[in-house]
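The values are calculated or read from the model by the stated rules, or taken from the named source; none is laboratory data. Here the structure is a predicted model, which is why all the values come from computation and not from measurement. Neighbour counts are summed over all protein chains in view; Cβ atoms, including those assigned to glycine, are modelled from backbone coordinates with ideal geometry.
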Amino acid sequence: MTENSGRHENLPGRQRRRFPGISSRAYEHPADRSALVALRRLSGFDTVFKALSGLLPERSLRLLFLSDSVRVSDAQFAHLNTMLRDACYILDLEKVPPMYVTQDPKPNAMCIGLDEPIIVVTTGLVELLDEEEMRAVVGHEAGHALSGHSVYRTILLFLTNLALKVAWIPLGNVAIMAIVTALREWFRKSELSADRAGLLVGQDLQASMRGLMKIAGGNHLHEMNVDAFLAQAEEYEAGGDLRDSVLKILNVLPRSHPFTTVRAAELKLWSETRDYQRIMDGHYPRRDEDKDTSVSDSFRQSASSYASDVRTSKDPLMKLVSDIAGGAGDLGGKLRDRFTGGSAGTSGTGGAAGQNGTGEADSAGGAGGAGGAGGAGGQEDDRGERDGDDNR
């Protein structure tokens, strides 16, 4: 730690593991990590973004929070200041980012900035969470800072505002929104990374789960249950037909964060992996090795992660994609049955579908004319079980 990070006299009551020199690659989601590794290895990347910083409203944002929010320090929100210093100590950040509390009843937190990140939390969030839940959130934002996500968050905010301003220009908005959509997908994965960082800082999975439940349902813990909350994520992923799959995609596209139940399920899954246990045992990638990281290896890990997501997903559309990628027989009949409900019109087609175990009836069009298909659909029930892939 540098002098800017200050001392850590006020450490929390219980002992937490510290991770000296930890690289953000240790906790980053593979899709997030591959993009970051590629950008870090890109020659001139820092120069380009420093030049771009003159076009972005970063100075305006800093002045806004300085003038109209409360800066966390030993004199103001001292308990948050202690949490922040502790988070930076555990993740071994070289400099503690400035933190501000801003008046907003909506629970939220963000880490923004190109040259130096700043962390902003709303009063709604501070009032909602208890100490351990808030510690996970502060660790989440410290994880963003360590990964360098604040750069892309700032660009995303800028481009989103720009898209609104140029909406009247033919095709101008389309081009910008294509970039925004890609950045949002990237950022949703970065949120999963930061959730993992929050767990490494708080080292209390139940507190992380409670915090996500409160963000979803408010300060009513006596009315909520972690297992039931996680069951919602399971139902969300597996439920419905292809129409619901399309609606899920449309619902998530405009969001910068994954849905809260999904975040909780993903974090719990990661906490059960060997990767997490190795980090807790002190075996993790080091920051001084980042420059030697292979871009191609990172992309392979990202591709493997997405492939695993598709293969293990219970979502109807993802199961169809998995079948197609696996070279399933009678592809034409499979697509027709999934989208039309199996109205093949001939008993021969129905028999072929039944043999391949793909004749399940889709609610969009009824059972159709496949004689033996209905019973065969049950053969797929176990295909969606997660395999606990450490890359998720």
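Screening the candidates Val101, Val72, Val37 for the property of being at pLDDT below 85, of a type in the set (Val, Ile, Thr) and under 30 Å from Arg16 (Cβ atoms) yields one hit, Val37. Among the residues of the range 70-86, some residue qualifies, meaning at least one is under 23 Å from Asp288 (Cα atoms) and either in contact with a Ser or Thr (Cβ under 9 Å, 6 or more places away or on another chain) or acidic (Asp, Glu) (or both). Restricting attention to the range 234-245 and to residues that are at pLDDT 75 or above and surrounded by 13 or more Cβ atoms within 10 Å (Cβ to Cβ), the residue that is farthest from the chain's Cα centre (by Cα) turns out to be Ala238. Across the range 61-111, the qualifying residues are those that are under 23 Å from Ala216 (Cβ atoms) and not hydrophobic (A, V, I, L, M, F, W, C), and the one among them that is surrounded by the most Cβ atoms within 10 Å (Cβ to Cβ) is Pro107. Exactly one residue out of Leu125, Leu84, Leu129, Leu114 is modelled with pLDDT under 95 and assigned by TED's automatic domain parsing to the domain that holds Thr260, and it is Leu114. State whether one or more residues within the range 140-159 are modelled with pLDDT of 95 or more, in contact with an Asp or Glu (Cβ under 8 Å, 6 or more places away or on another chain) and surrounded by fewer than 19 Cβ atoms within 10 Å (Cβ to Cβ). Checking the range 140-159: not a single residue is modelled with pLDDT of 95 or more, in contact with an Asp or Glu (Cβ under 8 Å, 6 or more places away or on another chain) and surrounded by fewer than 19 Cβ atoms within 10 Å (Cβ to Cβ). Pairing residues of the range 185-206 that are in contact (Cβ under 8 Å) with a residue 12 or more places away in the chain and assigned by TED's automatic domain parsing to the domain that holds Val137 with residues that are β-branched (Val, Ile, Thr) and not in a helix (DSSP H, G or I), at Cβ distances under 9 Å and at least 6 apart in sequence or on separate chains, gives Leu200/Ile22.
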